[in-house]
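Please read the structure below before turning to the comments.
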Amino acid sequence: MPELIRVGRDEDRDTYHLNMGPQHPSTHGVLRLRLHLKGEVILSADPIVGYSHRAHEKMAENRNYIQFLPNTSRMDYLSGMIYNVGYCQAIEKIIGLEVPERAEYIRVICCELNRISSHLLWYGTLLMDLGGFTPFLYCFEDRERILDILDLVSGSRLTYCYGRFGGVTEDVDDKFLSETLAFCKHLRNRLPEYDDLVTNNVIFQNRCKGIGHIDKKTCHEFAVTGPCQRAAGEKRDVRRDEPYGIYDRFDFKVPTRTGGDCFDRFMVRVEEISESLSIVEQAISKLPVGPVMAPKVPRKIAPAKGEYYFAVESARGHFGMYIVSNGTEIPERMHFRTPSFSNLATMRRVLKGSTISDTVAILGSIDIVLPEIDR
Amino acid sequence: MSSPVLDILWSQFPHLESTDCADTAAGCHVSHACRREDLVGISTVFRESGYRLEMLTCLDERAGRKMFRLVYHFTQIDPVERHRVLVDVPVGEQAPTISHLFESANWYEREVYDMFGVSFSDHPDMTRILTEEGADYHPLLKDFGTIDGPVKGGDDA
């Protein structure tokens, strides 16, 4: 008989297995959680991934470095700009290509806007999972403006392919800059409204405080990165620790909390939105004039034989690219170390002992993107 | 490059071949070529020195060296110090698991098994993770092939 309806021995007669997903709305994509329950309490949880595996790493071995550019933003479709630009920066570092100053600043502006849009989507969907529909509308209204702004320069709303080896495809115009500044001002005024609506809401706080603890030890063992790690009290951020691009020129805080519960992860991301806004404003105020593409980009990208690793901070954490070149135009191997893969693995430990209703909040608070896990 | 962990490693594992990569584009500070039988011992040293297992992947080098090569990244986060450990696994043989030392290795090793068919001895759950249950292929093997072959482009288009 199938596991689901089997009645066990006396002592485990009260326990049963439940599949949460792969179509469950709170799993944000196609994730299946195999839960073993006693009443409403989870005895063990096993996340099952792979439903959106498209073998990006295999595709990388069958095309040249330039042809792989559009794939990058399709791994993590919520921070596609960061992935796309990060891949360009990795290749530029390997082949030693200088990027013009203006392009560096434009990249920072676009990446941080992308980070805000990712956090806004997470904000809205977390609240919707918890039963609050209104914040979702607020977040999507604001996120829509970012998508419009990025659409102006890149021509895409989600799966950007704006970066090129040596710069970016298009220069930004005055409309882009004025709309970005107007948006920053708008969102800054909006954040107090968000706080009144959500952060200070006692129902929301009661649902999020004290559940889903991911402590420092768990972070360490599971190699958790990003906002989840910072919520546990570890001040780690690739932008600060291993500066890439021109991030060392900006003044920004790395928000941390100490508890590592759902509410702490929520607060870290909310504060990150403000920090990203500040980076965008600093970058616009310093934006130099000049070209946006390096004058001499080799027609054939064929890095010297060897192994390379490059990491950037995506909206979810440490995104690392391990690239092996055999000296030709086609990479020998590319491996992507994606943050959600490690962050989701903690669920086996974290969900133990919590209830199904809390599972929705916990899963929402770690902010997973399944296509990035499955690659 | 000097680091307390290097002194421990070199004194305990004379067969370790280390290369300093700190000033290159390699993205790690030191790269170590390690014997398969030393892997668990080396991992234990990294674990006890406060490193985390950041990444694990595999390379299919059956065509040239008749080997699979496992690539481990052990990272200290403050200050950042990244060690790359390379381990050769002959075709058809197993690698030792380090999932009892690093929780993150559990899923990473499953991914390597799924993609390359390299299995890890004593792993608590050596099953596929990304492809479906009961699949009879390992997609990242070089001879797995693609439907259309290499994508044409550039001068060939």
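Bear in mind these aren't lab numbers, they're just calculated from the coordinates by the rules spelled out. The model shown is predicted, which means the values in this text are computed figures rather than measured ones. Backbone-built Cβ (ideal geometry, glycine too); neighbour counts: all protein chains shown.
The equivalent ellipsoid that matches the C-alpha gyration tensor of the stretch A:188-258 spans semi-axes of 26, 21, 7 angstrom, in descending order.
All Cα-Cα separations within the protein assembly as shown were binned at 20 Å from zero, giving a P(r) of 22, 56, 22, 1, each value a whole percent of the pairs. The stretch between A:Arg188 and A:Ser274 holds 30.2 nm of extra length on full extension. This uses 0.36 nm per residue minus the Cα-Cα distance. Here the gap between B:Lys66 and B:Ile8, fully extended at 0.36 nm per residue and compared with their Cα-Cα distance, gives a gain of 17.7 nm. Potential lengthening of the chain between A:Leu181 and A:His17 amounts to 53.9 nm, from the contour at 0.36 nm per residue minus the alpha-carbon distance.
In summary, the convex hull built on the alpha carbon positions of the stretch A:269-351 has an orientation-averaged projected area of 8.9 nm².
Each 20 Å bin, from zero up to the one with the longest distance, holds this percent of the alpha carbon pairs of the stretch A:57-374: 33, 57, 10. With bins 5 Å wide beginning at 0, the percent of Cα pairs of the stretch A:228-326 falling in each bin runs 2, 11, 15, 17, 16, 14, 10, 8, 5, 1, 0.
Other residues lying with their Cβ under 15 Å from the Cβ of B:Asp125 contribute a combined charge of -2, Lys and Arg counting +1, Asp and Glu -1.
Per residue of the protein assembly as shown, the DSSP helices (runs of n ≥ 4 H) give a summed -39500 (n - 2.57) that works out to -11500 deg cm²/dmol at 222 nm.
Take the Cβ atoms of A:Lys296 and A:Glu170, set R0 to 22 Å, and the FRET efficiency comes out at 0.70.
The residues A:Lys216, A:Lys305, when put in order of fewest to most other Cβ atoms within 10 Å, stand as A:Lys305, A:Lys216. Counting only residues at least eight positions apart within a chain, or on another chain, the lysines with an alpha carbon under 22 Å from that of A:Lys216 are A:Lys235, A:Lys253, A:Lys352. For A:Lys175, the lysines whose Cα comes closer than 22 Å to its Cα, not counting residues fewer than 8 places off in the same chain, are A:Lys185, A:Lys286. Within the stretch A:62-173, the percentage of alpha carbon pairs spaced more than 20 angstrom apart rounds to 43%. Look at A:Cys110, A:Cys184, A:Cys88 and count the other Cβ atoms within 10 Å of each Cβ; fewest to most, that gives A:Cys184, A:Cys88, A:Cys110. What residues of the stretch A:331-359 lie in the reach of a label at B:Val91, counting those whose backbone N is under 20 Å from a point 7 Å from the Cα along Cα→Cβ? Correct set: A:332-333. Looking only at the stretch A:250-289, which residues have a backbone nitrogen under 13 Å from a spot 7 Å from the Cα of A:Lys216 in the C-beta direction? Within reach of a label on A:Lys216: A:257-260. The convex hull built on the alpha-carbon positions of the stretch A:35-97 has an orientation-averaged projected area of 6.5 nm². Amide H contacts of A:Arg32: A:Ile48, each under 5 Å away and 5 or more positions distant or on a separate chain (H built 1.01 Å from N in the peptide plane; Pro and chain starts excluded).
At q = 0.08, 0.13, 0.15, 0.19 Å⁻¹ the log10 of I(q)/I(0) for chain B amounts to -0.27, -0.66, -0.84, -1.20, computed by Debye summation with a single uniform scatterer per C-alpha, solvent ignored. Computed on the Cα trace of the stretch B:49-138, the radius of gyration divided by the Kirkwood hydrodynamic radius gives Rg/Rh = 0.99.
About the centre of its Cα atoms, the stretch A:265-375 shows a dipole size close to 400 debye [charges on the beta carbon of Lys, Arg (+1) and Asp, Glu (-1) only; nearest 20 debye].
Both the radius of gyration and Dmax for the stretch A:219-262 are 11.4, 32 Å, in that order, over alpha-carbon atoms.
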